[in-house]
Amino acid sequence: MNTRREKSETEQQGEGAAPEHRGGEPLPEASDSAGSRESPEAAESGEISRRGPAWVRRVGRVWRRPALRWPKRVVLALVLALLLPTLAAGVALRVNYAGDPAAGTRTRDRDAIWLGHAWVDGRKRDADVDALAERLRATGIRDLYVHAGPLEHDGTLPKSAYPEARWLIGAVHRELPGVRVQAWLGDELASEGPVGLRLERADTRAAVVRSTGQILAAGFDGAHFDLEPVHSDDRNYLALLDDLHRVTRAKGVPLSVAAHQIDPFPAAHSIRGTLSGHPKWWSQAYFGQVARRVDQIAVMSYDTAMPLESLYGGYVAQQTSLALEVTPKSTDLLMGLPFYYEDDLSHHGGAETVRAAVRGVRLGLSRTDRTRERFGVALYVDFAAREKDWTAYQEGWVR
């Protein structure tokens, strides 16, 4: 930012008028010890007067305020420090969205969809299952994550939360052979506030494990956990997954989790956590530690705050590549698709589209591991989906 300059009143009105600063008051005349004025030759030559007030100096015919230079330069530096990385990131994401997906980057018939609580609390009937089956038969969906919780803050799960579970499981198995019905369990963690599930307590983790055994005894084909917010490097979460996997492995069913997004640049979770108290992302290394402890991991690749469809698609392509790099071949990796519309600070519905997400998934898969079989997409969520979302999924990913 350039230092403000003001012409002297002498230059504006002619010789003999006293110069003024911005406030309109005359600037004091510079004088030497003998009381003589600064010579015109010195002013014309550009020499800086060493006389007069400290806050104003005359260079040639221009009066300056040196004390204002450094604050302006600091402001300029701060603005550039904020704008340049943002601009660079935007360009990188847009470039990431360029190009054509490789041939064969389509469904592997390992996709999933999150279903609301109405499917197990008595609000749905046989006709609803028939309609769902008709919708899903021509897709690659293999897993249904049916909301059967939430867990209580102490880790327990009342059986009254899923009274129609057996009916739903039987109906789905009849209409959609080979499709698994997993119990979607979750709760708010007390990682950023006083209320919620406390994973640091061994008795709470033990209660979650017992609740998982209970839900599997009800006939579910697996357990899908969505606990938020899990901070990167949370060792208690990893310990819980180890305990849960022993239970699901003994039953021969999958353990699945919904996962946070991965740092888009190194240490992003630490920086955001320091500034806001909400880290949002996981480090790529921590994502890999979680992925090694489960059979299936679904990235919640939405609510990104991206303002443009191209930037969102580039972001999903980046997330897909980052997740592929650290997810074991033995673990199903699923990328979330936004089957809902909202318009707020974290989710711009016009930008976060299924079309952009699918293209981003295919680009990331093409560049990182295009022949990987244990890969799919996960649709969030059935009760908010629009026909255009289903069409974009079918045309972009299934066909």
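Readers should treat all values here as calculations from the given coordinates under stated rules, not as data from a laboratory. All figures in this text were calculated on a predicted structure; none of them were measured in a lab. Every residue, glycine among them, receives a Cβ derived from its backbone with ideal geometry; neighbour counts consider all protein chains shown.
So here's what we get for this one:
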quantity: Amide H partners (placed H, <5 Å) of Gly186, local residues excluded; calculated: Gly149, Leu151, Asp226
quantity: Förster radius 22 Å - calculated FRET efficiency between Ala218 and Thr156 (Cβ-Cβ, nearest 0.05); calculated: 0.90
quantity: Ordering of 308-314, 372-378, 158-164, 170-176 by packing [mean C-beta count within 10 Å, highest first]; calculated: 308-314, 372-378, 170-176, 158-164
quantity: Built amide H within the under 5 Å cut-off of Leu337, gap 5+; calculated: Ala378, Leu379, Tyr380
quantity: Ordering of 103-114, 196-207 by burial proxy (mean other Cβ atoms within 10 Å per residue, highest first); calculated: 103-114, 196-207
quantity: Extension gain, Asp126 back to Ala206 (0.36 nm per residue minus Cα-Cα distance, nm); calculated: 25.2 nm
quantity: Listed pairs Lys251/Lys329; Lys124/Lys251; Lys124/Lys280; Lys124/Lys329; Lys159/Lys388 exceeding 32 Å between Cα atoms; calculated: Lys124/Lys280; Lys124/Lys329; Lys159/Lys388
quantity: Label-reachable residues, the stretch 380-394, where backbone N falls under 13 Å from a point 7 Å from Ala138's Cα toward its Cβ; calculated: 390-394
quantity: Protection proxy ranking, peptides 351-360, 127-136, average beta carbon neighbours within 10 Å, highest first; calculated: 351-360, 127-136
quantity: Inter-site label distance for Asp343 and Val74 at 7 Å from Cα along Cβ, in nm; calculated: 4.1
quantity: Three-way shape label, the stretch 123-278, alpha-carbon gyration tensor, a/c 1.5; calculated: prolate
quantity: Descending semi-axes in whole angstrom, ellipsoid equivalent of the stretch 286-390, from the Cα gyration tensor; calculated: 23, 14, 12
